[in-house]
1. Working carefully through the options Asn553, Asn524, find the one that is in the same structural domain as Val429 (by TED's automatic domain parsing), under 29 Å from Ser432 (Cβ atoms) and touching a Gly at 6+ places or on another chain (Cβ under 9 Å).
2. When you check Gly910 against the structure, is it in a strand (DSSP E or B), within 24 Å of Gly610 (Cβ to Cβ) and over 16 Å from the mean Cα position of the chain (by Cα), yes or no?
3. Given (1) crowded, with 18+ Cβ neighbours inside 10 Å; (2) farther than 17 Å from Pro972 by Cα, identify the lone condition not met by Arg695.
4. Any residue at all in the range 735-751 that is crowded, with 18+ Cβ neighbours inside 10 Å, of a type in the set (D, E, K, R) and touching a helix residue (DSSP H, G or I) at 6+ places or on another chain (Cβ under 6 Å)?
5. Being surrounded by fewer than 20 Cβ atoms within 10 Å (Cβ to Cβ) and of a type in the set (A, V, I, L, M) is true for just one of Leu346, Leu286. Which residue is that?
6. Please work out which one of (1) at pLDDT 95 or above; (2) surrounded by fewer than 18 Cβ atoms within 10 Å (Cβ to Cβ) is the condition His218 fails and give its number.
7. Can you find a residue in the range 122-140 that is at pLDDT 95 or above, among the β-branched types (Val, Ile, Thr), in a helix (DSSP H, G or I) and surrounded by 15 or more Cβ atoms within 10 Å (Cβ to Cβ)?
8. Taking the range 939-951, which residues are surrounded by fewer than 19 Cβ atoms within 10 Å (Cβ to Cβ) and in contact with a Leu (Cβ under 8 Å, 6 or more places away or on another chain)?
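The values are calculated or read from the model by the stated rules, or taken from the named source; none is laboratory data. Model, not experiment: these values are computed from the prediction. Cβ placement follows ideal geometry from the backbone for every residue including glycine, while neighbour counts extend to all protein chains displayed.
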Amino acid sequence: MNYENLKISNQQAEEILLKRFNIIGSASPLPGEIDFNFRIKVADSDGFILKISRPDEDEGYLDFQQKLLQHVDGNGQHLMAPKVIMDVDGNPISKITDAFGKERFVRLLTWISGRVWSTVNPQLDDLRFSLGEQCGLLTQALQGFDHPEAHREFAWDVAQALWTKPHLDLFQNEDREIIAYFQNQFEESQDSYSNLRTAVVHNDANDNNVIVSSDLIHPKVQASIDYGDAVHTQIHNDLAVACAYAIMNHNDPLEAALPIVQGYHTTFPLEENELMHLYNAIAMRLVISVTKSAINKIEEPDNTYLFISEKPAWEVLKKWRKISADFAYFSFRKVCGFEAHPNVNLFKNWASSEDFQLSELFPSIASNESHHLDLSVSSKWIGHQEDFNDLDFFEFKLNRLQKEHPNNIIAGGYLEPRALYTSDAFDKVGNSGTESRTIHLGIDFWLPSGTPIHALLDGEVVIAVNDAGNKEYGGLVILKHQTDQFEFYTLYGHLSVASATAHKVGDYIKKGVQIGELGTSEENGNWVPHLHFQVLLSLLGYTKDFPGVAYYNQINVWKNICPDPNLLFKSNALQKTLETSNAELIAYRKQHLGKSLSLQYKVPIKMVRGAGQYVIDQFGRKYLDTVNNVAHVGHENYKVVKAGQEQMALINTNSRYLHDNINALAEELLETLPPELSVLHFVNSGSEANELAIRMVKAATGQRDIIASEVGYHGNSNMCIDISSYKFDGKGGSGAPEHTHIFPLPDAFRGKYTGEHTGELYAEEVQKQIDSIHKKGRGVGAFIIEPIISCGGQVELPEGFLAKAYEKVRAAGGLCISDEVQTGCGRMGKTFWGFQLHDVTPDIVTIGKPLGNGHPLAAVVCTRDVADKFANGMEYFNTFGGNPVSCAIGAEVIRTVKREKLQENALNVGEFLKAELHNLSQEFPIIGDVRGQGLFLGIELVDADKNPLAAQTDYIADRMKDHGILMSTDGPDHNVLKIKPPIVFTKANAEELLLYLRKVLAEDFMKL
């Protein structure tokens, strides 16, 4: 019968409901493959789901479903599940006759409230874990239940999935190869597969059949619905079905599957042999799905529900095919509490009873002692990334280290997190942003090229390749070894071309026989000569290569697949030492550091290295830094670091002695400033700079009264706190001191005056403060403001405001201070200094954070008149201000901005980013305002009535951290995302930021 003739209208459904169940309710359609399903809403009730069959549907099959639900109702103590509602005659299955005279069956079930899985965003590990938990509970509840219909022939049963083989011709090329691969793997495993545990299972935890709680922060799976696909099959197939759908739309489907498997195991323990088949079972459910879609396109092209999962199923299948089945199995084992590799303890026990010497591996060296070389991301020995990438310099340092330890072999590296692998080949985009392979899986022995390498024990060559461009190994030989109980492999990387090509697969090498010799750096991807030695318990299907470096989030699996090679040598120098955990660091801080020293993010990060616009944690994960405007020209900028190191090696003293560096820095700064600003004083911080500026004001004007902006912040010293509304009007503050006068935040978006042409109005607010000072019989000392107010939420000053305010202040005899601690040194893009955006020249400019690129360096620039009045006989001296080291660093920062055209970069990237953020605001109205200049931007989040959304802003910043992007909040209402990255920030960085902002903005957080 035509599909359109089978359909049931909403009105018909309501009539059936009233007639057969005596319930009045409103019906709306729900998706379904076989039944016609309706959501029934009833007053004062969660409602029901009405299920109307197609004509001639098997009543025995429906009886199976109803009895199953009744069994779950009686046995699932910790489960929510639909309950069967009896019809007016007391039957669990009712009957009607449709307009074509066909008998059709009707069932009514209670409605499970919540959100359908497919509508939940984001779907994070905790949610997937709860999916596994609920599926396991349901499996447990169904134990002991059976029914004849459970043993039916059923296309959606993974155990029966080989029905798809005759339909292979529906697919072509890569698609056909993938389908055939999984079919063949499944067919070959039937002997062991058929012996797995079986039971009746739900079999259909797809993304429209899983109900999730309404909790937006910690959502949990509450129930599975629609038991129509329940079947008697291998128990682990139920888990496979849940995984198959829940891992769709993830870059790394295996990582997405692991919490589901772990959750399932906690409520229904899985057996090891079941885990062995889970990878194929997940694949075969997807094979069934795409095969059914291909068939349904032909048979029922109008029923779009029948192939709703086709595209995401194909995407997962293609990714799943690239995952090693063994690696998936080991990963499943690990999250279920087993050792990832079943033979790892056998290997450890065997290794503990054996006694291998380094001299057996390197007979020509004749040494069994080693000296540990730390190349971890935290290593000070590595020095700067540029130094490590200088092959000659690295080799020089290595040779010097060898001379210090002439009788030891320099070695180390097992499970070391390294930031040395910079090729794109080591990166991927995972489920939470970019991930890098950083965990080193072997031991490196740093020895000269040509050093002979000998076999530790008898072995068969299973891989022998040479690839001079392969930065992981270059020349590579892998030997297989056999003990009484298990087999394992040893890997020898960075061999010479001749070594690798001298062997072929199948060759047998006896213990003590030379395998080869170490290659030159040219033969091994420009690495300094060394042997990479690794132990493997599985080849994971590799035939030409094998990973020597792994992703940190997989470390617990990899350290089982590749156990510590030092288990063979037992060198004390190579024993792994435990590092202080983040929890221990936090505990110590809480005990011994002031409580006012807060940590960023709900789960704080330990940072150990910086590189340009990135900071790197102790595990080697890189975070794109959009916040740290202190590292102005990039974290650990090489030339800036070198400038400081070189001068520190010569002398560091105070400014009472002559030195070229203080003049050089002054000259670099003066080139960027108007000629009126011609005198400099160097200090150590922005707070010191503003403190000194206020001293200058008092000396030059004889007045103490300062006018400042609401929510302004100018430093953490006493005098700076006294002029910082952000502090004294905030938590723990006690309001403005007597001589501080605050005018309203000049915010044209949500301030006292909004819209265009508010500059004059806010300037009048400054005049009111001037008048107030005069009424007290005092004069104006100064007016201080940032050209873009940072803590106020990156608030741009209204057009014309600053010029008018300066005019009014000067008319009252006051000085004008531009606080450029955050806005200066080229960040504005259009101008080098923020005040230049407004065509004004202040009397005093204070400079801080960016000038030293992280080194404590700041400056005060003023007019000659102010400087002369300040020099009133009281000497100004600052022990460290203007010292040669600081000045060398500051001069190089300014030169770098000029030389590398970073002001131009700030303009171009900033304007691109600002324009795209405006576009994003059209897509997401929560973005009320985008403002700022260059790479000093703010995104203000508000509701439709411009009420601030602090919780949502905090949520976005924390979620962006999960994707490897550091953001922070600002503003008096904490509802502004600030963007102030190092100005080496690129357009590609901006695009990455926009990508993940869009992703997070689409999540379900608006109701927070």
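1. Asn553
2. So Gly910 does not fit the description; no.
3. (1)
4. No; the residues of the range 735-751 include none that is crowded, with 18+ Cβ neighbours inside 10 Å, of a type in the set (D, E, K, R) and touching a helix residue (DSSP H, G or I) at 6+ places or on another chain (Cβ under 6 Å).
5. Sole residue among the options that is surrounded by fewer than 20 Cβ atoms within 10 Å (Cβ to Cβ) and of a type in the set (A, V, I, L, M): Leu346.
6. That leaves (1) as the condition not met.
7. Yes - at least one qualifying residue is present in the range 122-140.
8. Asp943, Ala951
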